[in-house]
1. Considering (1) at pLDDT 95 or above; (2) over 18 Å from Ala104 (Cα atoms); (3) part of a loop (DSSP other than H, G, I, E, B), say which one Arg60 fails and leave the rest.
2. Among the residues of segment 1-22, what is the count of those that are over 19 Å from Pro93 (Cβ atoms) and surrounded by 13 or more Cβ atoms within 10 Å (Cβ to Cβ)?
3. From the residues in segment 2-17 that are among the small types (Gly, Ala, Ser) and in a loop (DSSP other than H, G, I, E, B), which one is modelled with the lowest pLDDT?
4. When the residues of segment 32-45 are narrowed to those that are surrounded by fewer than 14 Cβ atoms within 10 Å (Cβ to Cβ) and of a type in the set (Asp, Glu), which ends up nearest to Leu69 (Cα to Cα)?
Amino acid sequence: MSLTVSELLALEGLSALRLRAGKQGLQRAVRWYYVAENEHIAEWIMGGELVFITGINHPRDEANLIQLLMEGKQRGIAGMVILTGEAYIHAIPATLIALADELACH
């Protein structure tokens, strides 16, 4: 049985996650997770994944984050989690948040 993005966000162990965009997609089922450590993700995902982007092994700039979002949308991901902080991606660009809302991604 799959959990929806909304149900995942309600789990006690994931309370640090914050929804920044894509409220329209909260009922999407999460089939699997994928940690994106490559420049591109399209060849590694099939749809329904919750994609985690850390920026640890592959530095991410705004253009690459937008590219990943577009690839994820095209492949039908359930959502995208971007880790932020000193060791990760410093901040989520406002343009990425706006685009995610426009594409109904999260």
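The values are calculated or read from the model by the stated rules, or taken from the named source; none is laboratory data. These figures come from a predicted structure and were not determined experimentally. In this analysis, Cβ positions are derived from the backbone assuming ideal geometry, glycine residues included, and neighbour counts consider all displayed protein chains.
1. So Arg60 meets the others, but not (1).
2. Within segment 1-22, the subset over 19 Å from Pro93 (Cβ atoms) is 1-16.
Subset that is surrounded by 13 or more Cβ atoms within 10 Å (Cβ to Cβ): 3-9.
Result for segment 1-22: 7.
3. In this case the residue turns out to be Ser2.
4. Here the residue is Glu39.
So that you can scan it fast, the table gives a plain yes or no per residue for (1) buried (at least 16 other Cβ atoms within 10 Å of the Cβ); (2) modelled with pLDDT of 95 or more; (3) touching a strand residue (DSSP E or B) at 6+ places or on another chain (Cβ under 8 Å):
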{"residue": "Val30", "(1), (2), (3)": "yes, yes, yes"}
{"residue": "Gly47", "(1), (2), (3)": "no, yes, no"}
{"residue": "Phe52", "(1), (2), (3)": "no, yes, yes"}
{"residue": "Gly55", "(1), (2), (3)": "yes, no, yes"}
{"residue": "Met70", "(1), (2), (3)": "no, yes, no"}
{"residue": "Gly76", "(1), (2), (3)": "no, yes, no"}
{"residue": "Met80", "(1), (2), (3)": "yes, yes, yes"}
{"residue": "Ala104", "(1), (2), (3)": "no, no, no"}
